[in-house]
1. What about A:Y355, is it in a helix (DSSP H, G or I), under 20 Å from the mean Cα position of the chain (by Cα) and either crowded, with 24+ Cβ neighbours inside 10 Å or of a type in the set (K, R) (or both)?
2. From the list B:T296, B:T271, B:T265, B:T288, exactly one residue is in contact with a helix residue (DSSP H, G or I) (Cβ under 6 Å, 6 or more places away or on another chain), under 28 Å from B:A372 (Cβ atoms), surrounded by 23 or more Cβ atoms within 10 Å (Cβ to Cβ) and among the β-branched types (V, I, T). Which is it?
3. Kindly list, by first and then second residue, each pair from a residue in the range A:632-646 that is farther than 10 Å from A:G535 by Cβ and part of a loop (DSSP other than H, G, I, E, B) to a residue that is charged (D, E, K, R) and at pLDDT 85 or above, limited to pairs with Cβ atoms under 6 Å and residues at least 6 apart or on different chains.
4. Please find, within the range A:541-559, the residue that is surrounded by the most Cβ atoms within 10 Å (Cβ to Cβ) out of those that are at pLDDT 85 or above and more than 21 Å from A:V514 (Cβ to Cβ).
5. Would you mind telling me which numbered condition in (1) within 25 Å of A:K547 (Cα to Cα); (2) assigned to a helix (DSSP H, G or I) A:R617 fails?
6. Answer yes if at least one residue in the range A:134-157 is over 30 Å from A:I616 (Cα atoms), among the β-branched types (V, I, T) and away from every other protein chain (no Cβ under 14 Å), and no otherwise.
7. Out of all the residues in the range A:105-123, is one or more hydroxyl-bearing (S, T, Y) and away from chain B (no Cβ under 14 Å)?
8. With the requirement that a residue be buried (at least 23 other Cβ atoms within 10 Å of the Cβ) and closer than 19 Å to B:V255 by Cβ, what does the range B:127-144 give you?
Amino acid sequence: MYSHQARAIDLVLKGHNVVAVTPTASGKTLCYNLPVLQAVLDDPAARAIYLFPTKALSQDQLAELHGLIDVLGADIKTHTYDGDTPAAARRAIRAAGHIVITNPDMLHTGILPHHTKWMKLFENLRYVVIDELHHYRGVFGSHLANLIRRLKRVCRFYGSNPRFILCSATIANPGELAEGLIGEKVEVVAESGAPRGEKHFIFYNPPVLNARLGIRRSCLLDAKALAAMFLRQGIQTIVFGRTRLAVEVLLSYLREACGAGGPGAGPECVRGYRGGYLPLQRREIERGLKSGEVRGVVSTNALELGIDIGQLDACVMAGYPGTVASTWQQAGRAGRRSGTSVAILVASSSPLDQYIINHPDYFFGLSPEHGLINPNNRYILLSHLKCAAFELPFEEGELFGVATTDEALRYLEEQGVLRRTQGRFYWASESFPAEDVSLRSASTDNFVVIDCTRPEPRVIGEVDRFSAPMLIHEEAIYLHEGEQYQVERLDYEEKKAYVRRVDVDYYTDASLAVNLKVLTQADRAPVPGGERFRGEVQVNALATIFKKIRFHTHENVGWGRIHLPEQEMHTTAYWLALGPEADRIHPSELQSALAGLANLMVNVAPILLMCDPRDIRAVSHTRCPFTGRPTVYVYDACPGGVGLSERLFELHPDVLQMARDLVRDCPCPDGCPSCTLGGGEEPNKSATLRLLEILGAAGPRAHSPESGALTAARQETPLVRAGGGVGGNGGVPASASAEEEGPPVGRSPGHAGG
Amino acid sequence: MPEAEARSEFWPAVEDLVPGKFEPTPMGRAFAVETVLPLEEQAAGVPLGGFLQVPIHLLTAACGSLPGGASLRFLGATRAERATAPLPGLPGDLSPSQAVFLDTETTGLAGGTGTLAFLVGLGWFEPCDGQPSAFVLRQYFVRDYPEEPAVLAALTRLWRPGWLLVTFNGLRFDWPLLETRWALNRMRPPSPAGHLDVLRAARRLWRGRVGSCALSNLEAALLGLRREVDVPSYLIPSLYFDYLRRRDASALPAVFAHNRQDILTMVALATLAGRRLQAPLAADTDATELAALGRTLLALGRHEEGLACLRAAIRACSPEGEGSHGLRPRLPAPTPASEPRGFGPSASTTRTLPLPTPARSDAGATGACGRADGLRRRLVAELGWALKRLGRWAEAVELWQSRLGQARPELEAFVELAKYWEHRAGDLEAARQLVLGALKHLEAGALGLDAGQEAAARRALGQRLARLERRLGRLQAAPLHRAG
């Protein structure tokens, strides 16, 4: 047993809630399997629930547990319980399953609303295990926190008080996130005691093809060349693509490249792996990887999660995975406990990629992202309050996470879904509220996307109401798992978009006329060059036109009007009002400078906030009616907000510093989509830079890339040279070696924010 | 003052409109409405007391569930179970007088913990000197949420040991819902001796005949009942919520009446199903229902009655006067182990079987006549399988041969007969003749098959023929080997 496992288990046995933060393949599952199995061995009535974000992970964990239980020779019944569980098996699982492995969606609609059928489980629930904690952030995490409130409420009814064991990849605030999710104090175990072999981490930036447009050579092509080189040398390699399409493209490239065949590298030795593959096929690939029969695998982030495939020699990431945590997870797939391994990050042209690739010091040296949630988002909270009232009546004065529970219950009573009588609130509606709440989006009234390519239409996705005018207006190109679909008809009343598969060389980008009004101002503080604020805003957005933009070249190849009603949303925002110093920027340049700054902030903030760039939006005003000054607003893109822009208020200097680094290090002459181009304004790179300097983001960072460290990041010549091999010493160019450190962990463990 | 007692000044309260009384329980008072009906009272044309004569074991086996929740669904049972244990696990001393009919009105159909059963109606046979003397119908009503525990406690207290639960869709809906309510109120649900779900019986016996098995459709189609004034079921939850909000009970008497009628209809349907199972051939009914009765009885191990029903069903959809001798009712049946009679082959190996001559069949027979013929053919095939399964070869062979004699002979009959001669009777030549006959009909297009089916049949028959000829060849060669 490693030291981190021992410590985690010790804390659990002492009755603490524990979050274990460990890199991939350091044996984190033992941290929860051991205490749970011990509990069942001591008391056969004891029960546990395991929550995994996906069904595939549940299956994987089931197999691992069965293995352990076989060794023990004990009668411990372990089952997955999800949409795939046959009806005939459900009764037995409810009555007699010791360990029930499920996912949040099933807990939400299938278990909690039927808790009387699970009486045995809830009466004896000792442990709740939540793995892949870092997945539960933003909207999903805010939902999960409320789901846990409901779970604990049901447990109280049955007289149990389970302990929580959580596991997470490296994030900046594991303790804070875990405590936010379960609403209790949590001990953090963050040092990994697992041995690690030497590991090289290489940052690779493909050469610039067109400096004006900021276009570099496709990261897919260079990732392919790197992976093919490894495979030909007999090095077991995993390649990560960002989309399903990228995976398929990379797979066919690689099979072609390996077809000529070195030893043990025929095309059948390279496999693809992504959602959509059948479970049996996936199991076979996983086994092949462990046994070494499969030499190469191309995957989406499906393999980033805790599925056991053993450890490989090399990892190539085609594009920045989106978060520092994901990058470490993916890179962690390469790395034997002994022996050397390598992970290569190949950057794409996107601003996020370019920032990371040019700032390896940031990546290695600074904290990883924050997992942020806002369990008290009004919309999310109200949705779950309804579900909770359905499950058990509320007593007057009972708290559901917030002090204002009573107020919210009275609101629901006014809405006619609750009936208050004799000091209790009863569910008083025909509906089944959990069915109306999707854990993966904030607003309840989603649009469904229906694919009509084939004779039998099928639903392929959902879009929340506030994004619908941007993403699924008629003629929009809707991207789903890397496939292109064109919207043929949008039935706004029925909330349905009918789409058809197409293969075109452009995407669509809708322009949004945004009108933003400050409702309340919660906080303000002076900053160099101005003042920062946070508070609640009302955003009115009207989608006006869309442009068709050609891939790669970003040429505008057509446009159309959008005729859809205006959207209104209340959310949280952070805003920055410029002081008189900003008047040094000429009024003719001010608009471009502000638009550039807004674009930069939206592009770099996700690095700090661990969110998708679509989760936040920015808008700029040269003369804002509320502040009376030139102002940039950044707001959460979901109603009520999930805490993203609130945190930006605190991270203000970091955001500006990163924005400045990104724009300065971008090789384009005067602004490109990788830095300041966006929002329809002509870019003006120098004006934006001057503005950033006024705002105090001036001096060079402690470890600027120019200082010469970590030069691999600046490597702009292709890595693959004719005849070059990696087997010996010469093949790998200057590398950023991270062998001893692993991901920086535990910088801010515990209870920040509290 | 408790809010549940609050009465509107303007609107009538439920107790003003429905003649009920308050029953004291440890959890408070429960509002109950009781009606006592004589056994002769007709419910939809059937006297209530008629239920006391139904074969309760048979009915329970056909649509019931054991106390532990284990289902008696015969479709899932193995053949051995069907043959040897037609009524597994039922209490031996079950009597129709133990039945308690139960129906609930709820705040929704969603199920789960947030759905309330606000009206629970029960009907049972009240004994007097050990004999059922009247039918009692009692309805408990939750006037507001806080009264639910009292209603549940009243139900528990009323419950008699040995009560056999009878519901309509209660296996899936009413009973689990009530169990949830008891659990939520930290009470123990009573445990019935068994559970008989009339919806199951209806699906099994009448789906083919009446289509939809909704209670309203069944009572209209089978009992000829048309409700004069009725609340549609889907409106009931909102009527209750309206009543809670406005305290206006004027819509409630109709809900009580609806619930009451549902229970009476349930009694009538259960009685009807029991009578049908008891005397299946006495009923004035159609081929579809006879066939369904036949299947059910066969599955319950009532083989003779089941076969008789299937035969009657076939007769019912045969044109007048064309009843083949293989389809005549056989009650009681002949000894099963006897050898087939009729034109069974002798020991001789070279012989011409009286096979029909092929004639191109008119596969496109249309209209009611064509449909009836299609149904008849299906039922004949089903009867053949049943006979084969029961090992009643003599009757099976007779039946299959009759199928060769009809206007369009059937491939399946050829094949089944060939199998019989090859594997049962050990007469390879007779089997070969049948396969050859089938091929002749096939080539003449006389079997009414489409191109795909013909190709598949040709392949299968070819394989069968090849195997038969191989075996025949070996048989002839064998003495030589021995001589050598």
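The values are calculated or read from the model by the stated rules, or taken from the named source; none is laboratory data. As the structure is a prediction and not an experimental result, all values here were calculated from the model. As a convention, Cβ positions derive from the backbone with ideal geometry for all residues, glycine included, and neighbour counts pool all protein chains shown.
1. yes
2. Details: B:T271 fails: under 28 Å from B:A372 (Cβ atoms); B:T265 fails: under 28 Å from B:A372 (Cβ atoms); B:T288 fails: surrounded by 23 or more Cβ atoms within 10 Å (Cβ to Cβ).
Result: B:T296 is the single residue among B:T296, B:T271, B:T265, B:T288 that is in contact with a helix residue (DSSP H, G or I) (Cβ under 6 Å, 6 or more places away or on another chain), under 28 Å from B:A372 (Cβ atoms), surrounded by 23 or more Cβ atoms within 10 Å (Cβ to Cβ) and among the β-branched types (V, I, T).
3. A:A637/A:R617; A:V642/A:D636
4. Selected residue: A:K548.
5. Result: A:R617 passes all but (2).
6. No: zero hits.
7. Taking the range A:105-123 first, the residues hydroxyl-bearing (S, T, Y) are A:109, A:116.
Checking which are away from chain B (no Cβ under 14 Å) leaves us with none.
For the range A:105-123, residues hydroxyl-bearing (S, T, Y) and away from chain B (no Cβ under 14 Å): absent.
8. Selection gives B:Q139, B:Y140, B:F141, B:V142, B:R143.
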